[in-house]
1. Would you confirm whether or not segment 100-120 contains a residue that is at pLDDT 90 or above and either open to solvent by 60 Å² or more (accessible area, probe 1.4 Å) or of a type in the set (A, V, I, L, M) (or both)?
2. Only one residue in Val218, Val134 is open to solvent by 20 Å² or more (accessible area, probe 1.4 Å), part of a strand (DSSP E or B), within 18 Å of Tyr240 (Cα to Cα) and not acidic (Asp, Glu). Which one?
3. Determine if segment 153-168 includes at least one residue that is open to solvent by less than 30 Å² (accessible area, probe 1.4 Å), more than 16 Å from Asp203 (Cβ to Cβ), part of a loop (DSSP other than H, G, I, E, B) and in contact (Cβ under 8 Å) with a residue 24 or more places away in the chain.
4. Among the listed residues Leu208, Leu251, Leu268, identify the single one that is in contact (Cβ under 8 Å) with a residue 40 or more places away in the chain and either open to solvent by 80 Å² or more (accessible area, probe 1.4 Å) or not in a loop (DSSP other than H, G, I, E, B) (or both).
5. How about segment 221-238: which of its residues are of a type in the set (Ser, Thr, Tyr), open to solvent by 40 Å² or more (accessible area, probe 1.4 Å) and assigned to a helix (DSSP H, G or I)?
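The values are calculated or read from the model by the stated rules, or taken from the named source; none is laboratory data. The structure presented is a predicted model; accordingly, all values stated were derived computationally and were not measured. Here the Cβ positions follow ideal geometry from the backbone for every residue, glycine too, while neighbour counts run over all protein chains shown. Just so you know, the surface numbers come from the protein's heavy atoms only, side chains and all, with ligands and any DNA or RNA stripped out. Shrake-Rupley method; radii C 1.70, N 1.55, O 1.52, S 1.80 Å.
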Amino acid sequence: VSAAAVSGTSVSGSSVSALLRADPPAPSLADITAAQFRTERLCRLRALAEGAITYRRLFRAADGAFTVRSRAPVQTDTIDLHAPPVQRAQLRTKERIERMQSAHRGGGGGGGAAGVAVGASGAGIIRLTPRVVVIDAANCSMFHGLQRTFSCKGIELALEHWTKRGHTAVAVLPAYYLDYEQVGKRRSALALGRDISAAKLPDNIALLERLVKEGRLVPTPPHDYDDSYALHYARLHDGYILSNDRYADFLEKSVAAGQRKRDVALWLKTHVISFAWFGDELMPNPEFVLKPAGSN
């Protein structure tokens, strides 16, 4: 109308009514695509928010367990989704949540095996696939004895810590620790005032013999490097090492044998679990994460 007025032409009332009754222009393809993109993005953000609130990971420890507290999904207005990509994203999110719930319901019981152990509070302990954990027996026992005593009890406690959590645990120790004659000679030399390291004087050989009979302690040849047995067994079975040793000598030997230093150092960093003793309670490094079997 204004264009007609500027041009000097006259516009009748019927023409104005016809213009007002005309249908609005159809949305362009670009407008439809933009609206569909906004809807899809909103759906994905909503799905991510629901998943994050439904399952909150509160704590993860080196034994492969972390506490999960469940909440009811957030109730929001239903979004009318028509675009196939949005529907596919929604189905994928639903399938992931269903797989998580079915996996979390797999364990039940008393918390010893893999799965979920639900307590009275509703919180569950989710455990990863059982792994092989090789215990550096000499290192573990000396730390349990506060570096003053070779505490054989520490080896047994470390084995029980992992087996109670559903993992396969085995300790490795040089065979001369089980030799009564050699240990007796060292004790006699110590009594005479000679400087004998406490790391060579186990305080309970009978306990070590029992662990050997039970198959939980493996004695290595006394003239061999026992750390090589422990490390290679862990690598062979995709397992881990419990030790506070840095294994610098093993790294040097591996590089001399032709392996890349970076690869060996990375494996040690991701497979050697440090620990501390709180009395008789073993505390693996809380920041260390056991990965699912086959992910290494």
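1. Step one: of segment 100-120, the residues at pLDDT 90 or above are none.
No, the conditions are met nowhere in segment 100-120.
2. Values: Val134 fails: open to solvent by 20 Å² or more (accessible area, probe 1.4 Å).
None of the other options fit; the residue is Val218.
3. Pass one, segment 153-168, residues open to solvent by less than 30 Å² (accessible area, probe 1.4 Å): 154-155, 158-159, 161-162, 166-167.
Then drop every residue that is not more than 16 Å from Asp203 (Cβ to Cβ), which leaves 159, 161-162, 166-167.
From what's left, part of a loop (DSSP other than H, G, I, E, B): 166-167.
Those left that are additionally in contact (Cβ under 8 Å) with a residue 24 or more places away in the chain: 166-167.
Yes, because at least one residue in segment 153-168 is open to solvent by less than 30 Å² (accessible area, probe 1.4 Å), more than 16 Å from Asp203 (Cβ to Cβ), part of a loop (DSSP other than H, G, I, E, B) and in contact (Cβ under 8 Å) with a residue 24 or more places away in the chain.
4. Numbers: Leu251 fails: in contact (Cβ under 8 Å) with a residue 40 or more places away in the chain; Leu268 fails: in contact (Cβ under 8 Å) with a residue 40 or more places away in the chain.
Being in contact (Cβ under 8 Å) with a residue 40 or more places away in the chain and either open to solvent by 80 Å² or more (accessible area, probe 1.4 Å) or not in a loop (DSSP other than H, G, I, E, B) (or both) holds for just one of Leu208, Leu251, Leu268, which is Leu208.
5. To start, the set of residues in segment 221-238 that are of a type in the set (Ser, Thr, Tyr) comprises 225, 228-229, 233.
Then keep just the ones that are open to solvent by 40 Å² or more (accessible area, probe 1.4 Å); that gives 225, 229, 233.
Selection gives Tyr229, Tyr233.
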